[in-house]
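What follows is one structure encoded as structure tokens, with my remarks underneath.
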Amino acid sequence: MIAFIVRRLIVTVFLLLVVSLITFAIFFLIPLLAGQNSYELASQYVGRNPSPAAVHAIERKLGFDQPLTVQYGRFVRGIVMGAHYDAGPDKTYCPPPCFGYSFRNQQPVWPMLMSNVPVTASLAFGAAVLWLVAGTAIGVLSALRRGTVFDRAAMGVALAGVSLPIFFTGLIALQLFSYRWPIFPDLKFVPFTENPLLWARNLVLPWTTLAFLYAALYARLTRAGMLETMGEDYIRTARAKGLPERKVIVKHGLRAALTPIVTIFGMDLGLLLGGAVLTEFTFSLHGLGLFTILAIQNNDLPEILGVVMLTAFFVVIANLIVDILYAVIDPRVRP
Amino acid sequence: MKRHKTFGLAASAAAVALGLGACGGGGEAAAPTTAGYNAGIDAVVRPSDATGGTIVFNNSSVPDSTDPGNTYYANMWNVLRLYGRSLVTYKSVPGNAGNQIVPDLATSLGQVSNNGLTWTYHLKPNIKYEDGSTVTSQDVKYAVERSYAKDVLPNGPGYFSLLLTDPKYPGPYKDKAPDKLGLKSVTTPNSTTIVFHLARPFSDFDYVAALPQTIPVPPDKDRGANYQLHPMSTGPYKFQSYQLDKQFTLVKNPNWSAATDPNRKQLANKFVFNLNVNADTIDNNLIHNFADVDMAGTGVQAAARADILSSPSLKKNADNAFSGFLWLTYINSKVKPLDNVHCRRAVEYAADKVAYQTAYGGPVAGGAIASTVLTPNLVGFQKFDLYSATTKPHGDVTKAKQELTVCGQSNGFSTNMAFRSDRPKEKATATAQQQALSRVGIKVTLQGYPSGKYYTNFAGVPNYVHQHDLGLAIGGWAPDWPDGYGMLYYLTAGPAIQAAGNTNIGELDSPVVNNLFTKAMATTDISARNQIWSQIDREVMSQAVILPGVYAKSLLYRSPRLTNVFVHSYYAMYNYSILGKKATGS
């Protein structure tokens, strides 16, 4: 198992390098092919009405006058060895992993990224618990009561959950429960370490909104999986052996149906840890999603690179954990 | 240019011509009032000296920088007055009197030499930083020097390097002088005197001295790009904390010199600025009293606007104020047949101003129909209407046809119109004017361009304009300072025409206008200078190189929890420097 994990981690490093290379190329090569030169690129980071000298100064400062290979090499070296940066009166050292300095506000990217992680993690994990519990429970019940009013109602709500965008359900939730009936008024992120109750109270609406979407997906997935599994021969055999129905459902039915759920859960959670963009935007939560929006709005390559690589890292790690969990859930894949 | 994000485009590589700064203008403020629709435009709403409380700002974006030497956003210049004092500043009063420049750190406005090349300011004694150390003229000089360091502080305007005698100064971070005060065009004979040496007379220099770049920075506290995290305060508040892109908090500065500062108050205990908040959430927060001020100051969104205007209880807390912008259409004087002034005048007459206003959102969200280039909130504004914009707002087809006949194009002509394709309001305007002009036979083909390159690659490049017959181009303008120079120079002066990044898109190079600018820049008498701005405005309109669309307005929501609230004419949003909070329960 340890060899497997080490192998996967080595692949992860290569994957992140490829991701960074692609992001770098998209940022520089596509505008280059469209006719943009380094002067025009630099002029985006010099404020209003800059003089040519000011643009050239920024061009040199941000290294746009260097070949792309040199710029990329400097970026990778910064991650491994850190980098020095001219902040004005003195040189500032950015320790590894230095993801470079923001073009926009000339601050190191890594601390900015890290300061957003607790918000996104709070949102993602809380919502994940909700949707996993609610989604699978509803899915199982719907499968067991196939064709009943409950099944039809649950699947109808699930369809709505999948169809309605978060910026709609989120705004409705805010309007109803934050402004019209201020059960959750004046929402803002409060760190768990500062006030756990307020942390939870201020995240209930974002959690619910996000979980509504995912729970719907998971309910439909679980229902389909359960329907398929419960029709298998080994379920009939288990029942014939006289096992209690609860044991048949949970130990034999749900366990088998969970495998695809766990797979998709790993992907979803990994992606969400990279930023729940719409939820964070709707609820003004300063997580990686809002950070991403700002980075893209400002065409800030180091910030974009940072968030893309962090998201890729989360997805890869989440998948690694899922692979390990397979062994727990499904005895057939144990080494 | 985007006043909602930044102040004007004004200075670029163009040579800086002369102009005389204006003071005064506008009438005295009306009597203080309590509430009511538009009550905050000409009077202070809920005047009070009550102290205490926390004032919460929400901002849908983030500041370009909180460093006074590195910002070009209008809302940040307004916020900056809470923690920074410049040499001179804008008077904290409602109405157009707010355009008046008054001493701040300095004892008086600048004393100009007879040849107009030297401006001297004396600092008030014993002004302190938040740490108790004394502000010196060397600190002001150092702050000015920082405006040259574009590689580290790229965002602020570049007026000092354009106006002073040594434009190639590299900035203090590359300054070889041991004290980093090597800028020779600024001298400090003693610790309370600072002298600016100009390359040519520029009588608007007091406006330049009002820029945040004259807020003093002690060299030993300067951290370059990191100074934004805690600028040294000279104002009533100082930084307590700053989480970049998320929130910053100001608390009372015990070393603020209230006796020397009539333009600020220290009433609330704290100011909290929440950044990156969803714009609709901000409106809801304001209406439901979870926040007090929308920091951007550009008005509420469409949903809240509808709620506010339909509810008397909300509407009484709203102000429909001028935003400082003029939305306009440039008419190029070099593209045939618009090189004939009568053809340009035909466009002026034929345009449908109501359609223009509607495209920008109507009278409340869009603004008032314009007939001049100077906007009503500017120093020197005089109302006139050469083309019946306000009396025949749907256009005067008869007059337009007469002008076309004089122009030799009695059946009309064809031309192209540029607009920014990612701006729906400009697209709507272009479409509306295309229809309006077709009534007199002027066939307009619309050409959309991306806004990021509009001035640098397309409408602002005269060669491109000529080659592509862009006779008309939609745009907008707001000045860096509120007088005729700020508004008119870069739109209409011949020397302002540039090969790229051009803002005089009408390419007016009129000896009459150019001479008037020269005359204004040499005129020290304020009222005489203001007359010249209006003369230039009339001449520009007579030349018909600009079709004024609307004097832009926005609907601001005035929190009932605040005291001392009014719209500041210069910032075109609520004045932040004297705000207070009503006592709880009152």
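The values are calculated or read from the model by the stated rules, or taken from the named source; none is laboratory data. Just so you know, these numbers come straight off a predicted model, no measurement behind them. Don't worry about glycine lacking a Cβ; one is built from the backbone with ideal geometry, like all the others, and counts go over all protein chains shown. Heavy atoms of the whole protein, side chains included, go into the accessibility calculation; ligands, DNA and RNA do not. Shrake-Rupley method; radii C 1.70, N 1.55, O 1.52, S 1.80 Å.
Structural remarks
- For segment B:154-311, a simple Cβ point-charge model (Lys and Arg +1, Asp and Glu -1, everything else neutral) yields a dipole of about 540 debye relative to the Cα centre.
- The mean sequence distance of close C-alpha pairs (under 8 Å, at least 6 residues apart), as a share of the length of chain B, puts its relative contact order at 23 percent.
- About its Cα centre, the dipole of the protein assembly as shown is roughly 1860 debye, where the only charges are +1 on Lys and Arg Cβ and -1 on Asp and Glu Cβ.
- B:Lys316-A:Val133 FRET efficiency (beta carbon distance; Förster radius 35 Å; 0.05 resolution): 0.15
- When shorter helices are ignored and each DSSP H run of at least 4 residues is given -39500 (n - 2.57), the per-residue value for chain B at 222 nm works out to -7000 deg cm²/dmol.
- Based on the Stokes-Einstein relation at 4 °C and a viscosity of 1.567 mPa s, and on the Kirkwood radius from alpha carbon pairs, chain B is assigned a translational diffusion coefficient of 53 µm²/s.
- Cα lying deepest toward the dipole's positive end in the protein assembly as shown, options B:Thr358, B:Gln543, B:Phe381, charges on Cβ: B:Thr358
- Cα-based Kirkwood hydrodynamic radius, segment B:379-524, one decimal, Å: 17.1 Å
- Centre separation in Å (Cα based) which lies between segment B:214-270 and segment B:54-98: 12 Å
- Shape call, segment A:227-335: gyration tensor on alpha carbons, a/c limit 1.5: prolate
- Each peptide in A:17-29, B:218-230 receives the mean, over its residues, of other Cβ atoms within 10 Å, and ordering these scores from highest gives B:218-230, A:17-29.
- Residues of the protein assembly as shown: accessible area per residue with a 1.4 Å probe, Å²: 38 Å²
- Reachable lysines from B:Lys180, criterion Cα separation under 17 angstrom, eight or more residues apart if same chain: A:Lys91, B:Lys141, B:Lys150, B:Lys168, B:Lys221
- Note: segment B:129-188, Cα convex hull, 99 Å³ per residue.
- Shielding score for B:58-64, defined as the mean number of other chain Cβ atoms within 10 Å: 2
- Working note: Cα atoms of segment B:216-351, range along each principal axis, descending, whole Å: 64, 47, 32.
- With N the number of residues in chain A, Rg(Cα) / (2.2 N^0.38 Å) evaluates to 1.22.
- Between segment B:448-480 and segment A:86-146, the alpha-carbon centres lie 41 Å apart.
- Largest-first principal axis extents, alpha carbons of the protein assembly as shown, Å: 108, 71, 64
- Inter-chain neighbour count for B:245-255: the average number of beta-carbon atoms from partner chains within 10 Å of each residue's beta-carbon is 2.
- Per-residue extension of 0.36 nm, minus the Cα-Cα distance of B:Asp49 and B:Asn269, leaves a gain of 77.9 nm for this segment.
- Each label point was placed 7 Å from the Cα along the Cα-to-Cβ direction; for A:Gln175 and B:Thr445 their separation is 4.5 nm.
- Linear extension gain, A:Val70 paired with A:Val11, 0.36 nm per residue minus alpha-carbon span: 18.8 nm
- Label zone at B:Asn515, where the point sits 7 Å out along the Cα-to-Cβ direction: segment B:488-503 residues whose backbone N lies under 15 Å: B:494
- Modelled spin labels at B:Asp166 and B:Gln382, positioned 7 Å past Cα toward Cβ, are 4.3 nm from each other.
- Inverse mean reciprocal Cα-Cα distance (Kirkwood Rh) of segment B:475-565, Å: 14.8 Å
- Evaluated at q = 0.17, 0.25 Å⁻¹, a Debye calculation over the C-alpha positions of segment A:95-153 (equal weights, vacuum) places log10 I(q)/I(0) at -0.69, -0.93.
- Here the relative contact order of segment B:430-586, from alpha carbon pairs under 8 Å that lie six or more residues apart, stands at 15 percent.
- Stretchable slack from B:Asp307 to B:Thr193, in nm (0.36 nm times residue separation minus alpha-carbon distance): 35.7 nm
- In this Cβ point-charge picture (+1 for Lys and Arg, -1 for Asp and Glu), segment A:36-131 has a dipole of about 60 debye about its Cα centre.
- Here the alpha carbons of segment B:427-480 define both size measures, Rg and Dmax, at 12.4, 39 Å.
- Of the trypsin sites (Lys or Arg not before Pro) in segment A:231-335, those whose Cβ has at most 13 other Cβ within 10 Å and which sit in DSSP loop: A:Lys241
- Peptides ranked, highest mean first, by Cβ atoms within 10 Å: ranges A:75-84, B:330-339: B:330-339, A:75-84
- Segment B:328-414 - convex hull of the alpha-carbon atoms, volume per residue in Å³: 105 Å³
- With a cut-off of 20 Å on the backbone N, the residues of segment B:139-181 near the modelled label site 7 Å out from A:Gln36 along Cα-Cβ are B:154-155.
- Tensor-based shape of segment A:155-219 (alpha-carbon gyration tensor, a/c under 1.5 rounded, otherwise prolate or oblate): oblate
- Note on A:101-111: average number of Cβ atoms from other chains within 10 Å of each residue's Cβ is 4.
- Measuring nothing but alpha carbons in segment B:143-266 and taking Rh as the Kirkwood radius, the Rg to Rh ratio lands at 0.98.
- The B:Ser113 and B:Tyr464 beta-carbon pair, evaluated with R₀ = 51 Å, returns a calculated FRET efficiency of approximately 0.75.
- Furthest towards positive pole of dipole, B:Phe205, A:Thr69, B:Asn530, structure part the protein assembly as shown, Cβ charges: A:Thr69
- Rel. contact order, % - alpha carbon contacts under 8 angstrom, at least six apart, segment B:399-491: 30 percent
- Each residue, B:Asp339 and B:Gln531, gets one label point 7 Å from its Cα in the Cβ direction; the gap between the two is 3.7 nm.
- Nearest-0.05 FRET efficiency for A:Asp186 and A:Arg145, computed from C-beta distance (R0 35 Å): 0.25
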